[in-house]
């Protein structure tokens with residue numbers, strides 16, 4: 001009797017312990033999201049490079065989407081045991097493709113084979129890198145979560161200089177001549193001398209800056225987390241204008257410019273069209289009906305934009321009409337099955353009238369090539385490369 | 001769960017961010033202040049829960065005796081237990097209901113802290129969807145994650161240890177001292193399991209969450225101090241003088257019949273399976289004298305006082 005009672009009592013204790021452990025696991029599971037990445041594609045010389053969700057640089061031919069290499073080890077960031085999230089789009093210069101990982105490393109791969117040329121840092125890791133690298137005049141530039149902006153030798157990966165801002169840098173820099181422009185979480189836009197990393201000027205906005213700056217006719221254009229859009233003088237850093245209109249949410253993506261009109265998408269799901277000279281609205285904001293975190297791209301006289309939920313529009317720059325979507329990535333396309341969970345976060349890229357769209361589910365990235373003029377999907381393919389490809 | 005995110009979680013997130021803008025942009029300070037505010041608002045419920053819990057603990061010796069007496073008749077046991085609760089004016093739901101009401105609020109606060117910390121780019125992008133159009137909310141984000149010697153976004157071993165220590169102290173305060181070896185082992189396991197588990201979890205979670213747990217544990221201790229009238233089992237040698245003086249007054253005011261139990265001399269041998277009352281005061285269902293028991297409590301009270309001085 002006593003033994004049975006004891007068993008019963010201990011059974012309750014273990015049940016309670018099990019519940020506590022389950023609660024602990026659930027609490028762990030509630031903790032934010034795991035970094036997945038949203039690398040966009042970059043086209044160069046008939047080839048397209050993109051970071052995949054399984055932590056690899058994937059290279060395909062722009063003509064049909066066939067892979068450039070099948071070797072499983074080629075283009076791999078980090079170790080094969082753990083996938084490295086990639087937020088930045090690759091940068092191509094000469095025979096090398098540069099890509100930064102959220103593991104705090106920058107890689108240079110040979111574009112022909114996906115073989116690793118160099119990695120920085122060689123030992124250890126920096127803090128996470130959540131944006132693209134930029135290559136210009138033999139140097140690779142990138143911002144890091146440790147609050148610094150780095151310049152590396154593009155050929156060797158040796159560090160040339162670094163510049164420290166106050167807080168995290170999640171913005172992609174823009175190089176123009178011998179000046180590098182980059183925004184930071186400390187609400188400042190920095191202009192740095194590309195030669196030695198010295199500061200030329202800084203401009204403080206009302207909120208953090210994640211949107212990569214756009215340089216056009218001696219002005220730097222960027223959006224901020226204070227929901228305003230700014231234009232500052234490229235030479236002095238003085239404010240030219242701050243938009244009269246305030247976005248509903250943050251300006252996140254890099255804007256595009258066409259005919260002196262800036263097209264800036266906002267996370268409120270609208271595209272604000274501003275006069276580059278005055279900052280006044282050229283036309284009413286175009287409502288896409290869903291947040292647009294993906295950077296738009298200019299194809300001919302169309303501004304191609306993607307919403308997070310998966311619709312891609314070709315905005316007419318004459319009448320500012322978005323029309324019907326040129327593609328809905330949730331729908332079936334070729335070998336790609338229908339999936340309502342497929343989303344677009346990655347910046348769009350374009351080459352020769354074709355826009356390249358990287359969409360993704362929680363586990364798989366899909367690449368689409370769409371002819372904008374004909375509104376026709378040329379090909380689509382999964383970024384999980386297998387030997388059958 | 002769209003309503004949950006758009007309602008309670010969004011309210012908490014926007015409050016956290018707006019409050020942070022008034023607290024020098026320090027998210028650490030914001031977590032502490034908001035946790036204090038929320039726990040203060042829920043004080044009546046917490047106090048009710050603690051009191052009910054203590055009353056239930058007080059009845060455990062008598063419940064154990066009933067279990068022993070009616071071991072073979074479950075129905076009769078249930079009836080007698082309900083009768084005992086009714087006579088003593090204790091409701092078993094008194095512990096559970098206030099806790100159930102508070103639980104969603106804790107979860108909302110916990111989830112809000114996770115979301116506002118926005119560790120990954122996906123988190124930050126997701127956070128923008130939950131922000132309201134309050135002027136201050138958008139521009140203050142992302143919040144400054146540095147607080148004291150640690151970063152709120154990264155795990156910190158020292159902070160994780162503090163989670164375990166404060167949780168252990170808080171649990172220890174309300175853990176009844178028992179004589180039954182099985183029950184003792186059970187309560188000891190619970191006393192150590194929770195702090196170890198949460199300390200372990202805190203090792204791999206952002207320190208911002210650990211800060212919330214530490215603050216919450218300290219507030220619990222303060223509330224427990226005022227509700228139970230002392231440091232409980234934390235106090236060396238058993239009950240605080242204040243606690244025991246309160247019980248003397250209670251015992252003197254109540255007749256043994258009304259109280260449903262006699263209080264006996266502490267030197268009495270406890271029966272097998274009958275819990276020893278908290279703070280070293282032994283209880284027994286049958287026998288024993290009322291006056292003797294009061295003497296015993298007074299004696300213990302004196303001891304408690306000398307321990308504290």
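Read-outs: derived from the displayed coordinates by stated rules, not from any lab. Source: prediction; values computed, not measured. Virtual Cβ from ideal backbone geometry, glycine too; neighbours counted across all protein chains shown.
Points to keep in mind about this one:
- Debye-formula intensities of segment A:349-389, expressed as log10 I(q)/I(0) at q = 0.14, 0.21, 0.24, 0.30 Å⁻¹, are -0.35, -0.68, -0.80, -0.98 (one equal scatterer per alpha-carbon, no solvent).
- Residues B:41, A:144, sorted so that the one with the fewest Cβ neighbours within 10 Å comes first: B:41, A:144
- Between residue A:153 and residue B:222, the distance separating the two model label sites (each 7 Å from Cα on the Cα→Cβ line) works out to 5.9 nm.
- Per-bin percent of Cα-Cα distances, chain A [20 Å]: 28, 55, 13, 4, 0
- Scattering curve values for segment B:1-144, log₁₀ I(q)/I(0), Debye with Cα scatterers, q = 0.12, 0.16, 0.17 Å⁻¹: -0.63, -0.83, -0.90
- Largest first and in whole Å, the equivalent-ellipsoid semi-axes of segment A:247-389 read 28, 16, 12, each the square root of five times a Cα gyration tensor eigenvalue.
- The order of the peptides A:64-75, A:286-297, B:215-226 by mean Cβ neighbours within 10 Å, most packed first, is A:286-297, B:215-226, A:64-75.
- Cβ-based exposure ranking for A:258, A:221, in which fewest neighbours within 10 Å come first: A:258, A:221
- The packing ranking of peptides A:49-59, A:155-165, highest mean first, is A:49-59, A:155-165, where packing means the average number of other beta carbon atoms within 10 angstrom of each residue.
- From least to most packed, judged by other beta carbons within 10 angstrom and beginning with the fewest, B:76, B:68 follow the order B:76, B:68.
- Per-selection Rg to Rh, segment A:185-257 - Cα, Kirkwood hydrodynamic radius: 0.96
- Projecting the alpha carbon convex hull of segment A:35-130 along each direction and taking the average yields 5.5 nm².
- Degrees between helix A:2-30 axis and first principal axis of chain A (Cα, 0 to 90, nearest 10): 10 degrees
- Averaged over the residues of peptide B:128-140, the number of Cβ atoms from other protein chains lying within 10 Å of each residue's Cβ is 4.
- Shape analysis of segment A:138-242 based on the Cα gyration tensor places the equivalent ellipsoid semi-axes at 22, 15, 10 Å, largest first.
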